1. Mind counting the residues in segment 36-55 that are at pLDDT 90 or above and part of a loop (DSSP other than H, G, I, E, B)?
2. Given the structure, is A108 assigned to a helix (DSSP H, G or I), closer than 30 Å to R2 by Cα and at pLDDT 90 or above?
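The values are calculated or read from the model by the stated rules, or taken from the named source; none is laboratory data. It should be emphasised that the depicted structure is a prediction, and the values quoted were computed from it without experimental measurement.
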Amino acid sequence: MRIGELARRTGVSERMLRYYENEGLLNPKRTDSGYRDYGSDEVNAAQRIRMLTAAGLKISSIRLLLPCVLGEKPVFHPCAEARALLRGEVEKLDARLRELSETREVVARLLNAVDTNETLAL
């Protein structure tokens with residue numbers, strides 16, 4: 001199938017599919033005339049990449065995880081790298097959540113000060 005059909009089937013734009021190919025995440029065959037010829041392997045890979053990007057993972061992480069992902073749902077084949085990488089991602093997310101919580105607290109105090117017309121020392 002051509003890139004347009006792959007984009008329709010997976011919901012991934014043609015531009016992103018080309019990007020994934022440039023990053024080595026997709027490896028379509030080429031026709032004699034040089035056109036990309038995508039098969040079911042690329043459909044599955046594009047769907048998995050979409051799922052992993054929706055989870056907030058970066059291409060470098062996806063490159064390591066993609067061979068470990070089975071099916072369209074996040075079911076992983078035992079890959080040693082997957083555990084360490086995902087643990088690191090959880091730690092990063094936890095740190096971001098702490099930072100967001102602290103920022104929210106400051107903004108909430110500012111709002112309260114504005115609402116009550118009080119002076120607030122930060």
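1. Result for segment 36-55: 2.
2. no
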